[in-house]
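Working notes, beginning with the structure itself.
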Amino acid sequence: MLSAPSIVNDGELRYPLPAEHRWTFISTEDQAALVVAALSRPDLAGTWYRVGEQYSGAELAAGIGEALGRAVRYVPLDPDDFGRALTPMIGEQAAAGVAEDYKFLADRSPLMDLDADTSAVRRALGVPATSIADWARQQPWTAIAGSMS
């Protein structure tokens, strides 16, 4: 939740991908629900599913804004700046690697071949996707932002 301070204080979701890119988002709670459901389905052993829904930065920001009851806008962040912000948490070498990954992703097609029809996994496991707004309502934005200041 590295973006919490900018969301709370500035109404900006800052992330190191260009605005036109769409990327996959799935909450850890949805991931866990899918895993738990899959563990009770031995008939699906060996089956692969792509999970997560595709969102643009603007769509993510709008969902977060809906949850917070105010406008939040998407601001593309320079990958090197993102890496520097991560350094205190994960170390210089790992942060530099993350920055390089985001540079690579930023240079790729905006679609990045990540958009997937997740209806099959949702049907098979009976786990609906949590909307961005519903997920965002569950996050302690102010507390996280305060702890990172």
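Do we find that residue 6 is touching a residue at least 24 places away in the same chain (Cβ under 8 Å), hydroxyl-bearing (Ser, Thr, Tyr) and over 30 Å from residue 124 (Cβ atoms) in this structure? Spelling it out, residue 6 is indeed touching a residue at least 24 places away in the same chain (Cβ under 8 Å), hydroxyl-bearing (Ser, Thr, Tyr) and over 30 Å from residue 124 (Cβ atoms).
The residues listed here are 117, 78, 10, 43; of these, the one that is more than 15 Å from the chain's Cα centre (by Cα), of a type in the set (Asp, Glu) and at pLDDT below 90 is 117. Just for the stretch 15-37: of the residues that are of a type in the set (Gly, Ala, Ser) and in contact (Cβ under 8 Å) with a residue 12 or more places away in the chain, which one is farthest from residue 77 (Cα to Cα)? Here the answer is 37. A residue that is among the β-branched types (Val, Ile, Thr), over 29 Å from residue 10 (Cα atoms) and in contact with a Ser or Thr (Cβ under 7 Å, 6 or more places away or on another chain) occurs somewhere in the stretch 36-56. For the residues 75, 36, the requirement of being over 21 Å from residue 98 (Cα atoms) and hydrophobic (A, V, I, L, M, F, W, C) singles out 36.
Residue pairs whose Cβ atoms lie under 8 Å apart, sitting 6 or more positions apart in sequence or on different chains, and linking a residue in the stretch 124-149 that is part of a loop (DSSP other than H, G, I, E, B) to a partner that is of a type in the set (Ser, Thr, Tyr), are 129/118; 130/27.
Across the stretch 56-71, the number of residues qualifying as over 23 Å from residue 105 (Cα atoms) and surrounded by fewer than 17 Cβ atoms within 10 Å (Cβ to Cβ) comes to 3. Just one of the listed residues (82, 104) is over 19 Å from residue 131 (Cβ atoms), free of Cβ contacts under 8 Å to residues at least 60 places away in the same chain, out of contact with any Asp or Glu (no Cβ under 9 Å at 6 or more places or on another chain) and of a type in the set (Phe, Trp, Tyr), namely 104. Restricting the stretch 13-44 to residues that are surrounded by fewer than 18 Cβ atoms within 10 Å (Cβ to Cβ) and charged (D, E, K, R) leaves a set whose member that is farthest from residue 130 (Cα to Cα) is 43.
The values are calculated or read from the model by the stated rules, or taken from the named source; none is laboratory data. Predicted model only: the values in this text are computed from it and were never measured. Glycine gets a Cβ as well: all are built from the backbone with ideal geometry, and neighbour counts include every protein chain shown.
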